[in-house]
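Visitor: Would you mind keeping the following structure in view while I ask a few things?
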Amino acid sequence: MIPNTPFFWKRISTATTEGDSLRVVVFASANYLFALPVGAVLKVIACPLIRTPVENGIGTVDLGAQTITIVDLRQKLIPQVMPSGTLGEQLAPANASSPGFRKQFLLLTQTRTGEICGICSDKPPFLLDIPPEAVRPLPWSYRQAMKLNFVSHMAVVSAVPTEEPLKLLLLGISQILAEKQKTAAATFEQQLHPQRQQFLRISLENEMSGLLPFNFVVEIISVASQEISPTLALPRWMVGLYNWQEGQMLRLIDLQALVCSSPLSPREQLTVVVFELENQIVGFVVPEVCDLEWHALEQVQSPGNAPLRFAGGALPGKRWILDTKAIAAEIKMVNPLL
């Protein structure tokens, strides 16, 4: 487990697996079974009184001195259904004893930005171990038709041989699966070649290539230039800020301008490598992502008089391993909050 990492999905991915299985918390909503990685669930409580309207499945609830956002998937998936506890069943405590009262549970979880939120469940949640072979992508056409765009994978699990298998819609699982695949590939390669390391190769000026350690790559995205908020009084290699996920602002850095002192030419779509840089997350804007490569560490040579900054090592074919620790130090000198 990595308790101090700021990336919530990494805490999940290192805390939820036992052996080869994925341990999840299963909960019911709108005749669907959903599942969250057990490490993503902070606590399960009885749903308190909801005193604000829930619109489009989103509302708030008071937990002691704290007000948190709640998500009622039942109303989100079936908008015409009045969610329990909105303006009727839970506005008055006496309603809890009425025959039509539907008691809900609340799964407390956390967003990428650290904000606590609650997900409503129609029934008491339960724990389940899912074997990897049970996980499969959810068809895109089904996701579109059933308003399930926020779900990318499902699992079909036979809990009891004599009964129909459970079909679970998995939440917060995409990055975990990517990490498991990345880790499995890296483990296999390193077993064959212990002195090899995997790098993401990106193009730079003058036919040079920069190599970034692949185990720190979070994802690769395309960002439209009009979606970037400019920053003031910063070096020209600081492109701006991008609203990445769930309101998290991603600092975009022109990697070519930083290491080669020549900024990228203006373009409508930018290729961004989202990268974990010294316990922070940044977006490296790059000319082009070329390939994933394995390199023998014994072949790495001293950068010598490298034609670019922050070269940590040299490889044949104008390939330069970038010193990400030195890059992080440079960025912190300009922006101590990074």
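The values are calculated or read from the model by the stated rules, or taken from the named source; none is laboratory data. Note that the structure is a prediction, hence the values are computed from the model and not measured. Neighbour counts are summed over all protein chains in view; Cβ atoms, including those assigned to glycine, are modelled from backbone coordinates with ideal geometry.
Visitor: Restricting to the range 264-299, and then to whatever is part of a loop (DSSP other than H, G, I, E, B) and under 18 Å from Lys332 (Cα atoms), can you tell me which residue is modelled with the highest pLDDT?
Guide: Selected residue: Glu278.
Visitor: Give the residue that is farthest from Ser225 (Cα to Cα), with candidates limited to residues of the range 263-289 that are among the acidic types (Asp, Glu) and in contact (Cβ under 8 Å) with a residue 60 or more places away in the chain.
Guide: Going through the qualifying residues, I end up with Glu276.
Visitor: Among the residues of the range 16-29, are any under 30 Å from Leu277 (Cβ atoms), at pLDDT below 65, outside any helix (DSSP H, G or I) and under 20 Å from the mean Cα position of the chain (by Cα)?
Guide: Looking for residues that are under 30 Å from Leu277 (Cβ atoms), at pLDDT below 65, outside any helix (DSSP H, G or I) and under 20 Å from the mean Cα position of the chain (by Cα), one finds at least one in the range 16-29, hence yes.
Visitor: List pairs: first in the range 59-70 and in the same structural domain as Cys120 (by TED's automatic domain parsing), second surrounded by 14 or more Cβ atoms within 10 Å (Cβ to Cβ) and of a type in the set (Gly, Ala, Ser), Cβ under 7 Å, 6+ apart or cross-chain?
Guide: These pairs meet every condition: Val61/Gly118; Ile68/Gly118; Ile70/Gly59; Ile70/Gly118.
Visitor: Hey, another quick one. Of the residues in the range 48-66, how many are at pLDDT 65 or above and in a loop (DSSP other than H, G, I, E, B)?
Guide: Qualifying residue count for the region: 7.
Visitor: Would it be correct to say that Val300 is within 27 Å of Gln245 (Cβ to Cβ) and either among the aromatic types (Phe, Trp, Tyr) or in the same structural domain as Leu211 (by TED's automatic domain parsing) (or both)?
Guide: Here the answer is no, as Val300 does not meet what is asked.
Visitor: Right, something else. Can you go through Ala326, Ala306 and tell me which one is assigned to a loop (DSSP other than H, G, I, E, B), of a type in the set (A, V, I, L, M) and without any contact (Cβ under 8 Å) to a residue 40 or more places away in the chain?
Guide: Ala306
Visitor: Now for a separate question. Any residue in the range 80-94 that is of a type outside the set (A, V, I, L, M) and at pLDDT 70 or above?
Guide: no
Visitor: Take Leu258 and decide whether it is touching a residue at least 12 places away in the same chain (Cβ under 8 Å) and either assigned to a strand (DSSP E or B) or more than 17 Å from Pro213 (Cα to Cα) (or both).
Guide: Here the answer is yes, as Leu258 does meet what is asked.
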